[in-house]
1. Output the qualifying pairs, or none if there are none: Cβ atoms under 6 angstrom, residues six or more apart or on different chains, first residue in the stretch 147-168 and over 14 Å from THR105 (Cα atoms), second residue crowded, with 20+ Cβ neighbours inside 10 Å and modelled with pLDDT of 90 or more.
2. Return yes when MET49 is more than 22 Å from TYR167 (Cα to Cα), open to solvent by 30 Å² or more (accessible area, probe 1.4 Å), touching an Asp or Glu at 6+ places or on another chain (Cβ under 6 Å) and without any contact (Cβ under 8 Å) to a residue 60 or more places away in the chain and no when it is not.
3. Scan the stretch 116-138 and tell me whether some residue there is at pLDDT below 95 and of a type in the set (D, E, K, R).
4. Output the qualifying pairs, or none if there are none: Cβ atoms under 6 angstrom, residues six or more apart or on different chains, first residue in the stretch 16-39 and within 19 Å of GLY152 (Cβ to Cβ), second residue among the charged types (D, E, K, R) and open to solvent by 20 Å² or more (accessible area, probe 1.4 Å).
5. Could you check the stretch 139-175 and list, in sequence order, the residues that are assigned to a loop (DSSP other than H, G, I, E, B), open to solvent by less than 60 Å² (accessible area, probe 1.4 Å) and within 29 Å of PHE59 (Cα to Cα)?
6. I'd like the residue in the stretch 56-69 that is of a type outside the set (Asp, Glu) and open to solvent by 30 Å² or more (accessible area, probe 1.4 Å) and, out of all such residues, is farthest from ASP110 (Cα to Cα).
7. Residue by residue through the stretch 95-138, note down the ones that are surrounded by 15 or more Cβ atoms within 10 Å (Cβ to Cβ) and assigned to a loop (DSSP other than H, G, I, E, B).
8. Does SER55 meet the test of being in a strand (DSSP E or B), more than 25 Å from SER161 (Cβ to Cβ) and at pLDDT 95 or above?
Amino acid sequence: MTKEPGKITVVLAHPNLAESKPNREVMESVRELDFVSGYNLYEEHHQSMDLETWSELIFDSSVLVFQFPLYWMGAPYMLKKWMDEVFISLSRTPVVMGKCLQVVTTTGSDCDAYRSGGRNKFTMDEILRPFQASAIHAGMTWETPLVIFGTGAEDTGRTISEGAIQYKKKLEELA
C-alpha cells in the first residue's frame, strides 16, 4: 500500500511573472504535480485577502510554500501584505498548525554574495529569519529554504533548470 501524497499549497508572489524566467519556470515545474496548487498573489483573482477563502485553500494542505524573488533582502509587497492580513490570522489555528512552511526564493546574485564577508553582507539564513520566526509563531515546522542563486548570471538557463529539478524533488519529498 503506497501513501497518498499530501496536498501542497504554493503562495507565489511575483509582480511580473510573465517576465520572470526563473520564477515562471520553477513554478511550471511543480504545477504539473497533481498534489500542488499554486496561487500568484499578483493575479487579480488571487489578490483577495479574504480569510475564509484562504482558509479553505490551505486547510487540506500538509505543506505551505512561499515562493518569491528576493527583493531588497525581502519578499515582494503582496506577500508581506498577505502575511499581515491573512497569515497572522491563521497563526496557531488548525489551518496552519503542525504543517510545514517551505520558502523557495530566487536571487540574481550568486551564493558567494550571501555570506558575512560577501557583497550582500548577510547569509540567506539571516535574511530569511523573519519567515522562520513566523513559522515558529504560527506553530508550523520550518523547512530549510530552497534558494536558487545566480539567476541573473551568464549561466542562467542551467541554473534555472537545476533549480526547477530541486524544487520539484523537494515538494515530492515533502508530500
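1. Correct list of pairs: empty, since none qualify.
2. When the stated conditions are applied, MET49 passes them.
3. Looking through the stretch 116-138, at least one residue is at pLDDT below 95 and of a type in the set (D, E, K, R).
4. Filtered contacts from the stretch 16-39: LEU17/ARG24.
5. Residues satisfying the conditions are GLY139, MET140, GLU143, PRO145, ALA175.
6. PHE59
7. Applying the first criterion (surrounded by 15 or more Cβ atoms within 10 Å (Cβ to Cβ)) to the stretch 95-138 yields 95-96, 99-107, 109-110, 113-114, 120, 122, 124, 127-128, 131-132, 134-135, 138.
Those that are surrounded by 15 or more Cβ atoms within 10 Å (Cβ to Cβ) and assigned to a loop (DSSP other than H, G, I, E, B): VAL95, VAL96, LYS99, THR107, SER109, ASP110, TYR114, ASN120, PHE122, LEU128.
8. Answer is no for this residue.
The values are calculated or read from the model by the stated rules, or taken from the named source; none is laboratory data. Bear in mind the structure is a predicted one, so any value in this text is a computation, not a measurement. Cβ atoms come from the backbone with ideal geometry, glycine included; neighbour counts cover every protein chain shown. Quick note on the areas: whole protein, heavy atoms, side chains included, nothing else; ligands and nucleic acids left out. Shrake-Rupley method; radii C 1.70, N 1.55, O 1.52, S 1.80 Å.
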